[in-house]
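> One structure is given below, represented as structure tokens, and several questions about it will come after.
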Amino acid sequence: MLELEVALQQILAALPAPVGETVALSDAFERVLAGPLTSAVDLPPFNNSAMDGYAVRAAEVTTATPAAPVRLSLRGRIAAGESGDLEISPGECVRLFTGSPLPRGADAVVMQEDTRLEAADRVLVCDAVEPGESVRRRGTDVRRGDLLAEAGEVLNAGKVGLLAATGVESVSVGRRPRVALLATGSELREAGQPLAAGQIYESNRLTLAALVRRAGGLPKLMPLVPDDPEATRSALQSAFAECDIALTSGGVSVGEMDFVKAAFEELGGQLQFWKVAIRPGKPFVFGRWHDKFLFGLPGNPVSAFVTFLLLARPVLRRWQGAKELALPSIPGVLAESLANPGDRRHFMRVRVDDAGQVFSAGAQASHALRSLAAANGLVEVPPHSTLAAGTTVTVRHWD
Ligand code: AMP
Ligand code: MG
């Protein structure tokens, strides 16, 4: 049985190098950048006003107070979007709005609230300003040539905004893996169908589809696969025909009704390993079929969920070239003790609140879906040990 980290290393080492594709910036949210991006422009691109007000020479209004305002003559007006081809001479000011280009000769903006319009062409300035006040100077945010984002970074909303502001239209990002979702088990039924005795509704494909999408992959739901060697073979075949990765659930244990490993090998697939020393999720299978991959998750919904997060999610991130592969880790303090009497590392479902208090999400059995739905993280509890209330732990967080 492999240690989790060894298993993950083996999987990552088998993956192809990320492939880039060009997408419009409007489609690039949450995609992974394939290469570094530098700015072609300065931001702001020109000196402009941070306020609605009047462009002045700061030195001319140093004595201005409400009781003794400084009188300036109004030279004109520059609206946002106008070229601002104006120059102020001594004793003059220019009406500006937020984003208006600063006229030549001006070095500060007096905000409107600190002025009074005395006549159509005369302004009383009632407060002094420092040189540069309320002026957004060219290049103070971004300089032309600055690194905006690096290869492997995920484009969040702010980064998309930064790139848009520098005029970027399209970006090269890592291709997203297509992931076929196969659920094996003759007991499984689709929602909407009546359940006969012994049958249950299938739930792993939708759960995994959500996790795949969150990780940047493209999930494809495949038809249910009964516990039958031929059906399992042909299901895997269709998965590999359409997708990069076959993500199966169920049928990888030791029972005589578990057909995934055998069917995969009959197709010519090479099993790389089976079983990882974790709980839940021991009977995890990783295999390779030409340039495609099999991730065989256990069928129990919680086992499928946890093994996906620990072993398949990093693969989907790496496939796209992401630097960060692991789930975000946040510190927390146990509000109650967590015990693991077993001999495998137990990844327990927890709920961490906004104050960093960590609670067990409920029953930890690997079929228990209520606690999965309540959980937003995993805490690792080592074999044969109890983490007491008050212990600081690392929560692998997914919501
Ligand atoms: P298996 O790994 O095939 O032995 O399945 C273990 C347990 O998980 C059994 O109780 C199955 O009925 C259940 N199970 C397997 N696949 C699914 C699925 N896709 N949705 C819900 N339950 C499942
Ligand atoms: Mg089964």
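The values are calculated or read from the model by the stated rules, or taken from the named source; none is laboratory data. Everything numeric here is computed off the predicted structure, so don't read it as measured data. Neighbour counts are summed over all protein chains in view; Cβ atoms, including those assigned to glycine, are modelled from backbone coordinates with ideal geometry.
> Do we find a residue being in contact with a Ser or Thr (Cβ under 8 Å, 6 or more places away or on another chain) and either at pLDDT 95 or above or away from ligand 1 (no atom under 16 Å from the Cβ) (or both) anywhere in region 252-259?
The answer is yes, given that some residue of region 252-259 is in contact with a Ser or Thr (Cβ under 8 Å, 6 or more places away or on another chain) and either at pLDDT 95 or above or away from ligand 1 (no atom under 16 Å from the Cβ) (or both).
> Here's a follow-up. Condition first: among the aliphatic types (A, V, I, L, M) and not in a helix (DSSP H, G or I). Now tell me which residues in region 316-350 satisfy that.
Going through region 316-350, the residues among the aliphatic types (A, V, I, L, M) turn out to be 316, 322, 325-327, 330, 333-335, 338-339, 348, 350.
Once the filter is applied, which keeps residues that are among the aliphatic types (A, V, I, L, M) and not in a helix (DSSP H, G or I), region 316-350 yields Ala322, Leu325, Ala326, Leu327, Ile330, Val333, Leu334, Ala335, Leu338, Ala339, Met348, Val350.
> Determine, yes or no, whether Ala28 is assigned by TED's automatic domain parsing to the domain that holds Arg213, modelled with pLDDT of 95 or more and either closer than 30 Å to Gly217 by Cα or surrounded by 14 or more Cβ atoms within 10 Å (Cβ to Cβ) (or both). So that I can check it myself, show each step before the final result.
On the way: assigned by TED's automatic domain parsing to the domain that holds Arg213: no; modelled with pLDDT of 95 or more: yes; either closer than 30 Å to Gly217 by Cα or surrounded by 14 or more Cβ atoms within 10 Å (Cβ to Cβ) (or both): yes.
It is false that Ala28 is assigned by TED's automatic domain parsing to the domain that holds Arg213, modelled with pLDDT of 95 or more and either closer than 30 Å to Gly217 by Cα or surrounded by 14 or more Cβ atoms within 10 Å (Cβ to Cβ) (or both).
> While we're looking at this one, here's another question. How many residues are touching a helix residue (DSSP H, G or I) at 6+ places or on another chain (Cβ under 7 Å), assigned to a strand (DSSP E or B) and over 30 Å from Leu206 (Cβ atoms) if we restrict to region 137-184?
Total meeting the criteria: 4.
> Now for a different question. Could you say which residue among Phe273, Phe295 is at pLDDT 95 or above and buried (at least 20 other Cβ atoms within 10 Å of the Cβ)?
Only one candidate passes the filter, namely Phe295.
> I'd like to check something: does region 240-261 contain any residue that is assigned to a loop (DSSP other than H, G, I, E, B), away from ligand 2 (no atom under 16 Å from the Cβ) and within 21 Å of Ala209 (Cβ to Cβ)? Talk me through it step by step, then tell me what you get.
Step one: filter region 240-261 for residues assigned to a loop (DSSP other than H, G, I, E, B), giving 243-244, 250-259.
Those still in the list that are away from ligand 2 (no atom under 16 Å from the Cβ) too: 243-244.
Next, only the ones that are within 21 Å of Ala209 (Cβ to Cβ) stay: 243-244.
Scanning region 240-261 turns up at least one residue that is assigned to a loop (DSSP other than H, G, I, E, B), away from ligand 2 (no atom under 16 Å from the Cβ) and within 21 Å of Ala209 (Cβ to Cβ).
> Further question: I'd like to check something: does region 348-370 contain any residue that is touching a residue at least 60 places away in the same chain (Cβ under 8 Å), surrounded by 15 or more Cβ atoms within 10 Å (Cβ to Cβ), among the hydroxyl-bearing types (Ser, Thr, Tyr) and outside the structural domain of Pro301 (by TED's automatic domain parsing)?
yes
> How many of the residues in region 197-225 are within 12 Å of ligand 1 (Cβ to nearest atom), part of a helix (DSSP H, G or I) and aliphatic (A, V, I, L, M)?
3
> When you scan region 212-227, do you find a residue that is of a type outside the set (Gly, Ala, Ser), farther than 25 Å from Arg318 by Cβ, more than 16 Å from ligand 2 (Cβ to nearest atom) and touching a Leu at 6+ places or on another chain (Cβ under 8 Å), even just one?
For region 212-227, residues of a type outside the set (Gly, Ala, Ser), farther than 25 Å from Arg318 by Cβ, more than 16 Å from ligand 2 (Cβ to nearest atom) and touching a Leu at 6+ places or on another chain (Cβ under 8 Å): absent.
> So how many residues does region 237-251 have that are near ligand 1 (Cβ under 9 Å from one of its atoms) and surrounded by fewer than 24 Cβ atoms within 10 Å (Cβ to Cβ)? Let's see the steps before the verdict.
Kept after step one, since they are near ligand 1 (Cβ under 9 Å from one of its atoms), are these residues of region 237-251: 249-251.
Now drop any that are not surrounded by fewer than 24 Cβ atoms within 10 Å (Cβ to Cβ), which leaves none.
Total satisfying the criteria: 0.
> List the number of the failed condition for Phe295; all other conditions in (1) assigned to a strand (DSSP E or B); (2) within 24 Å of the chain's Cα centre (by Cα); (3) farther than 30 Å from Ala34 by Cα hold.
(3)
> Is it the case that some residue within region 185-196 is farther than 17 Å from Gly299 by Cα, assigned to a strand (DSSP E or B) and either within 9 Å of ligand 1 (Cβ to nearest atom) or modelled with pLDDT of 95 or more (or both)? Steps first, answer last, please.
From region 185-196, those farther than 17 Å from Gly299 by Cα are 191-196; that's our starting set.
Still in the running and assigned to a strand (DSSP E or B): none.
No, there is no match, as no residue in region 185-196 is farther than 17 Å from Gly299 by Cα, assigned to a strand (DSSP E or B) and either within 9 Å of ligand 1 (Cβ to nearest atom) or modelled with pLDDT of 95 or more (or both).
> Would you check if Ala106 is surrounded by 14 or more Cβ atoms within 10 Å (Cβ to Cβ) and under 30 Å from Arg31 (Cα atoms)? Quick ask: steps written out before the conclusion?
Working: surrounded by 14 or more Cβ atoms within 10 Å (Cβ to Cβ): yes; under 30 Å from Arg31 (Cα atoms): no.
Against the criterion (surrounded by 14 or more Cβ atoms within 10 Å (Cβ to Cβ) and under 30 Å from Arg31 (Cα atoms)), Ala106 does not qualify.
> While we're looking at this one, here's another question. Taking the residues in region 177-190 that are more than 9 Å from ligand 2 (Cβ to nearest atom) and surrounded by fewer than 21 Cβ atoms within 10 Å (Cβ to Cβ) as candidates, determine which candidate is farthest from Pro219 (Cα to Cα).
Residue satisfying both the conditions and the ranking: Arg189.
> So, one more: What are the pairs, 6+ residues apart or on separate chains, where a residue within region 187-216 that is closer than 30 Å to Phe29 by Cβ has its Cβ under 6 Å from a residue that is more than 9 Å from ligand 1 (Cβ to nearest atom) and assigned to a loop (DSSP other than H, G, I, E, B)?
Partner pairs satisfying both residue conditions: Gly216/Arg176; Gly216/Gln320.
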